[in-house]
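Quick notes on the structure that follows.
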Amino acid sequence: MSGKDVKMQHMAGANEERILSSDVFESAGRNLPPANGTGTITEEARDIDIYHKCDVVVVGGGPAGCAAAWAAAKAGADVTLVERYNCLGGLSTGGLVMWIDRMTDWSGNLVIHGFAREFIERMPAEGVAGPPREDWGQREERKVTYWRNRTTAQHGIVQWAPTLDPERMKLNAQEMLLEAGVRIVFHAWAARPLVQDNVAKGVIFESKAGRNALLADVVVDTTGDGDMFARSGADYHTDIEGKDPHHSMNTSWILGGVNMDRWLDWKEEHPDELRQLMADGREALGFFQTPYVSWRPDIALFLGPRQSGLSALDVDDMTEVEIRSHRLMQGHCEFFRKHAPGFENAYMLQSASQLGVRHTRRLAGVGKIVRGDWEKEAPEADEVGLSPSINPKYPLVSVPYGSLLPLQLDGLLAAGRHISCDANSHGFMREIPQCWLTGHAAGVGAALAADAGIQPRDVDVDAIRKVLRQQGAFLSDDESVKAVRGEAVPAE
């Protein structure tokens, strides 16, 4: 496919810096013809065996699902996690999105705590790459330049945004959940929720054993695409920002046998030659991207050329992205080996087993994170977490419990990239640290609801905040929250 077959969209300033100068390409051409099916068939009714009963079922073992299952189990719930792949971690592992976005504020203070902090602290030193603690918040030009090339400096400030070994992440998440007492069910695809009188009662899943039911007091939807709440009939949003990269798709891959330090030095010292290399790459391959660092200097990460105009809810579109990406992996390897310093001995090491999806559905929730609230200094009245802001102009973003709650559907909480927010806020609320944050909050809310025999929307937010703090989460002080509510604050 030549460069003429695609139209490149350049991203606007803040987004370009935040995702490190990649391009988004419009979809063009198809490798498979449309499917020719028409009409419908009727599936016969059947009895389904009950596999298990528990307090909380978490659907999806990505970052949000892992945090939710761990938090709910730590809070005393009997928890089952259903995961369609053979490992935990979702896009951070199976999707090779090993670069964990910024976890600090713009002064270098750690904001994402709780499950996220324990998870990273349990990682072996050789599986973590990122700036030392003393460099967090640094603005010194030399350090900013060095760490910007290693994905951990934005807006002229060094942050804690580590890159982690995906295989060690799989094992780390698995062991944390097993130690907490979570039942893990791998190779199981949750096909639809069980809903009675507008209350989620569990899920039906498919596996090699056939079709089974899993009953639970509370369902936590961490599928990333809102599969459970959407199939329950809950409202959701699908609007996007047209030129924003966060609705694009790709399949990531990694190349081995490289010298990333040499590549980064050349890239910094020869900007004109880099621009020419990128132009040549686009002409040769059509879709093109330069690499990111990984957790090792001899492995390069390609988060795949980002492709727009394709839906992660359409099986043909998803297949199209995979076909293109597998070909592009070979094309990039050969191109970089021939033209790029540090890639002379590069070879194809691994393509992701999980498609790189950024956006499909967003919950229509009781609460919502919106662009107009980014400048607010005051916390939300039902705050259950704090997120770093998108740039230094804004304070920390207060995450409301209502953003995890469907407007009408009971018995279910949503966490991860499909929480209730607008298209702008989705750009950062979909990132791995924010998924850890919202998953942690949903897990605690689900456990407390199951324990009390009430609906998640009826759980006392202060009780959630108390347990979150016990589990190491970072929140605004209670006095600030009570002041927002108009409650009296006791005098000291």
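Looking at VAL220, VAL199, can you tell me which residue is surrounded by 18 or more Cβ atoms within 10 Å (Cβ to Cβ), more than 21 Å from GLY356 (Cβ to Cβ) and either touching a residue at least 60 places away in the same chain (Cβ under 8 Å) or in contact with a Cys (Cβ under 6 Å, 6 or more places away or on another chain) (or both)? First the steps, then the outcome.
Values: VAL199 fails: surrounded by 18 or more Cβ atoms within 10 Å (Cβ to Cβ).
One residue alone meets the criteria, VAL220.
Check whether at least one residue in segment 176-187 is open to solvent by less than 30 Å² (accessible area, probe 1.4 Å), in contact with a helix residue (DSSP H, G or I) (Cβ under 7 Å, 6 or more places away or on another chain), in a strand (DSSP E or B) and closer than 30 Å to LEU405 by Cβ, and report yes or no. Show your work before the answer.
Within segment 176-187, the subset open to solvent by less than 30 Å² (accessible area, probe 1.4 Å) is 176-177, 180, 182, 185.
Going one step further and asking which of them are in contact with a helix residue (DSSP H, G or I) (Cβ under 7 Å, 6 or more places away or on another chain), we end up with 176-177, 180, 182.
Pick out the ones that are also in a strand (DSSP E or B) and you get none.
There is no residue in segment 176-187 that is open to solvent by less than 30 Å² (accessible area, probe 1.4 Å), in contact with a helix residue (DSSP H, G or I) (Cβ under 7 Å, 6 or more places away or on another chain), in a strand (DSSP E or B) and closer than 30 Å to LEU405 by Cβ.
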Would you say ALA75 is aliphatic (A, V, I, L, M) and surrounded by fewer than 22 Cβ atoms within 10 Å (Cβ to Cβ)?
no
Here's a check for you: in segment 36-62, which residue that is open to solvent by 90 Å² or more (accessible area, probe 1.4 Å) and hydrophobic (A, V, I, L, M, F, W, C) is modelled with the highest pLDDT?
ILE50
When you look at ARG465, is it open to solvent by 30 Å² or more (accessible area, probe 1.4 Å), out of contact with any His (no Cβ under 7 Å at 6 or more places or on another chain), in contact (Cβ under 8 Å) with a residue 40 or more places away in the chain and not in a loop (DSSP other than H, G, I, E, B), yes or no?
no
Got at least one residue in segment 435-453 being part of a loop (DSSP other than H, G, I, E, B) and either modelled with pLDDT under 95 or not charged (D, E, K, R) (or both)?
yes
Restricted to segment 337-378 and to residues being buried (at least 17 other Cβ atoms within 10 Å of the Cβ) and of a type in the set (Ser, Thr, Tyr), the residue farthest from the chain's Cα centre (by Cα) is SER351
Of (1) touching a strand residue (DSSP E or B) at 6+ places or on another chain (Cβ under 9 Å); (2) open to solvent by 40 Å² or more (accessible area, probe 1.4 Å); (3) farther than 29 Å from ALA161 by Cα, THR319 fails just (1)
Condition met for ASN109 (touching a residue at least 40 places away in the same chain (Cβ under 8 Å) and open to solvent by 10 Å² or more (accessible area, probe 1.4 Å))
no
Determine whether segment 468-490 contains at least one residue that is in contact with a Lys or Arg (Cβ under 9 Å, 6 or more places away or on another chain), open to solvent by less than 30 Å² (accessible area, probe 1.4 Å), among the β-branched types (Val, Ile, Thr) and under 18 Å from THR104 (Cα atoms).
no
Residues SER294, SER325, SER311: which one is more than 15 Å from GLY256 (Cα to Cα) and touching a residue at least 60 places away in the same chain (Cβ under 8 Å)?
SER325
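The values are calculated or read from the model by the stated rules, or taken from the named source; none is laboratory data. Given the structure is predicted, the values throughout are model-derived calculations rather than measurements. Here Cβ is always computed from backbone atoms with ideal geometry, including for glycine, and neighbour counts include all displayed protein chains. Protein only, heavy atoms only, side chains kept; ligands, DNA and RNA dropped before computing areas. Shrake-Rupley method; radii C 1.70, N 1.55, O 1.52, S 1.80 Å.
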